[in-house]
1. Most exposed first by the Cβ proxy, i.e. fewest other Cβ within 10 Å, how do 44, 94 rank?
2. To make sure I understand the rule: partners must be aspartates and glutamates, Cα under 13 Å from the Cα of residue 72, and not fewer than 8 residues away in the same chain. Which ones qualify?
3. Arranged by the count of other C-beta atoms within 10 angstrom, fewest first, what order do 98, 42 take?
Amino acid sequence: MKTILIFIFAILVISASGCGPGNSQKTIIIDQRDSGAYKLGMRHGKLLLEKDSEDSIQDFLLDVRARETNIKARLRESAGDAYIEGFKDYITAHNDSMARILF
């Protein structure tokens, strides 16, 4: 049951991010000024993989989207994109089964 709930939540997060089927993937080139946001995304990817309950994973995924929005609003669009790219890259490199569910 937990797996089904995580899967449904992941689909909702993916569809909200525009990364689901039918959406074209854009190539993101990380500008040097956005490297800090990319590294922050990687750190948060690591933190996600350390979560041990479904509730904490769901809460953390919501926080990640909130951080992305905040970074885009306070800094620039490309910094928010770099943050999410770092988050995705870390999870893809360290837990491909989680990456397949989320992305």
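1. Details: 44 21, 94 14.
Final ranking by Cβ density, sparse to dense: 94, 44.
2. Qualifying aspartates and glutamates at Cα under 13 Å: 34, 81.
3. Working: 98 17, 42 20.
Exposure proxy ranking, most exposed first: 98, 42.
Rule-based calculations on the coordinates, nothing more; no lab input. Since the structure is predicted, the reported quantities are computational estimates derived from the model, not experimental observations. Positions of Cβ are generated from backbone atoms using ideal geometry, with glycine treated the same way; all protein chains shown enter the neighbour counts.
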